[in-house]
Amino acid sequence: MASLLTVVAVLAVVSGGLCEEKTFLQRAGRAFNSRQYRSLLTVNNGEKFGNWTWPEMCPDGFFAVGFSVRVESNQYGGDDTALNGIRLICAKDGNRNFLYSVESHTGYFGEWSHPQYCPTGVLSSFQLRVEPHQGLFGDDTAVTNVKFRCSSNPMLEGPGMTWGEYSHWSNECKDGGICGIETKMEDYQWALDDSSLNDVRFHCCSQK
C-alpha cells in the first residue's frame, strides 16, 4: 500500500508540472536599439546630477506590459539613494509566456521588486516622484518612485520611497505603447553623497 501511495504522489507532482504555464523572461540589453520609435515621453521634474546613458528597446512588435524597480530602503542616517533603476517587461500581442526585459543603466544599491503588470494593454504614460536637490550638506536621492498608466486605464505605482513630489503625467503613447527606456544616472560617488537615478525618458512605438 505504501509503494502505491508513493506512485500516486509522484504522478500528481508530474501532472501538476505538465499543466503549469511556463513564462520565459530574457534580458534584451542593447540588442534591439536600432528599433524605430515615434516619440519620447518626458517629465519636467528630473534632477540635475549625472548624464544620460544608453537606450534599451523592446524587440520589434513587443511593448512594455509591466515593470519593476530597484529601490534602496531607508538608510536611517546613512546615505540614501532611493530608486536606482526601472526595468520594463515587454510582451508581444498580449502573450506573456515569452517576455523580454530592458532597463538601460542602473545604480548599485537596493533590490529589484516583484514585477507589476497591466491587467490588459500596455504601459502608455508615467509620472516620477523626485526629491529636489537638498543643498550642499543635504542627502540627495533624486528619483524616489514611479507611476505608470496602462492603456486599459489602471495605474501602477512602484514600491519606492515617499520623499519628494510627483510630476504631472507625461504625454501618452497613442496607437502603440512604451517600447524603450533611457536613464540619467549619477556615477558612483566613492563614499560621498550618491543620488543614483536622476531622470528617465521612455520611447513610444507605434503598433503599425
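Considering only residues of segment 150-161 that are under 15 Å from the mean Cα position of the chain (by Cα) and more than 20 Å from Trp112 (Cβ to Cβ), which is surrounded by the fewest Cβ atoms within 10 Å (Cβ to Cβ)?
Of everything passing the filter in segment 150-161, Met155 is surrounded by the fewest Cβ atoms within 10 Å (Cβ to Cβ).
What number of residues in segment 162-184 are over 15 Å from the mean Cα position of the chain (by Cα) and either more than 15 Å from Val43 (Cβ to Cβ) or among the small types (Gly, Ala, Ser) (or both)?
8
Output the residue which, of all residues in segment 127-137 that are of a type outside the set (Lys, Arg) and without any contact (Cβ under 8 Å) to a residue 40 or more places away in the chain, is most open to solvent (accessible area, probe 1.4 Å).
Among those residues, the one meeting the criterion is Phe137.
Does segment 54-63 contain at least one residue that is closer than 15 Å to Glu186 by Cα, at pLDDT 95 or above and not in a loop (DSSP other than H, G, I, E, B)?
Among the residues of segment 54-63, at least one is closer than 15 Å to Glu186 by Cα, at pLDDT 95 or above and not in a loop (DSSP other than H, G, I, E, B), which makes the answer yes.
Among the residues of segment 83-126, count how many are modelled with pLDDT under 95, on the phi < 0 side of the Ramachandran plot, assigned to a loop (DSSP other than H, G, I, E, B) and open to solvent by 30 Å² or more (accessible area, probe 1.4 Å).
The qualifying residues number 2.
Just to be sure I understand, how many residues within segment 139-165 are assigned to a loop (DSSP other than H, G, I, E, B) and farther than 15 Å from Asn74 by Cα?
5
Taking segment 162-208 as the search range and keeping residues that are of a type in the set (Val, Ile, Thr) and over 30 Å from Leu136 (Cβ atoms), which one is surrounded by the fewest Cβ atoms within 10 Å (Cβ to Cβ)?
Going through the qualifying residues, I end up with Ile181.
The values are calculated or read from the model by the stated rules, or taken from the named source; none is laboratory data. Everything quoted here is computed from the prediction, not taken from an experiment. Cβ: placed from backbone, ideal geometry, glycine included. Neighbour counts: every protein chain shown. Keep in mind that these areas ignore ligands, DNA and RNA; they rest on the heavy atoms of the full protein, side chains included. Shrake-Rupley method; radii C 1.70, N 1.55, O 1.52, S 1.80 Å.
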